[in-house]
Amino acid sequence: MSQINVEPSRARAPQRFDARPREAAIPVLPVRCTQRAKVFYARLGFRPAAEGEGTDYLVLRAGAVELHFFRWPDLEPARSSALAHISVRDADALWRVWSRLGVPAEGFPRLTAPVDTPWGVRRFALVDPDGNGLSWEAARGPGG
């Protein structure tokens, strides 16, 4: 899985990513407006990798993490069931950086605090303005 390497020393989106070439699954997520999605994800360090004709499709990339978006104007964020799990090197460090960007803890968008799971993963969720749930996860070490 793709790994994001974050330097949490500044309260801004990460600028360095660990881009390891390997097989990958790339989520394709619905958004009401690709331009609004581009602006929202830019705050998190994502940059456009490709844009389709007009405003119907968008590809964003941050290091080895790539997200695709398609336009669904009638999307209701509260009814969205879109979800992606993304493996990162350090979920806590990434959360600390993103938590300083002013994303609220409730509503759309929202950023939840990191938690430990029974299956050995430390994770937090970022739900974007369109209701897409992105779970940013890091494996805990032994005894963690």
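Read-outs: derived from the displayed coordinates by stated rules, not from any lab. For clarity, every value in this text was computed on a predicted model and none was experimentally measured. Counting neighbours? That spans all protein chains shown, and the Cβs are built from the backbone with ideal geometry, glycine included.
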Exposure proxy check on Y57, Y41: fewest-to-most Cβ neighbours within 10 Å is Y57, Y41
Neighbours of A37 by Cβ distance under 10 Å: Lys/Arg at +1, Asp/Glu at -1, summed charge +2
HN-Hα couplings for region 83-95 via Karplus (6.51, -1.76, 1.60; θ = phi - 60°), in whole Hz with x for Gly/Pro, come out as 8, 9, 9, 10, 7, 10, 5, 9, 5, 5, 5, 5, 4
Which FRET efficiency value, to the nearest 0.05, is calculated for A84 and A105 with the Förster distance at 35 angstrom and r the Cβ-Cβ distance? 0.95
Measuring from label point to label point, each 7 Å out along Cα→Cβ, what is the R43 to E23 span in nm? 3.6
With a 10 Å Cβ neighbour count serving as the proxy for reagent exposure, in which order, fewest first, do W98, W72 appear? W72, W98
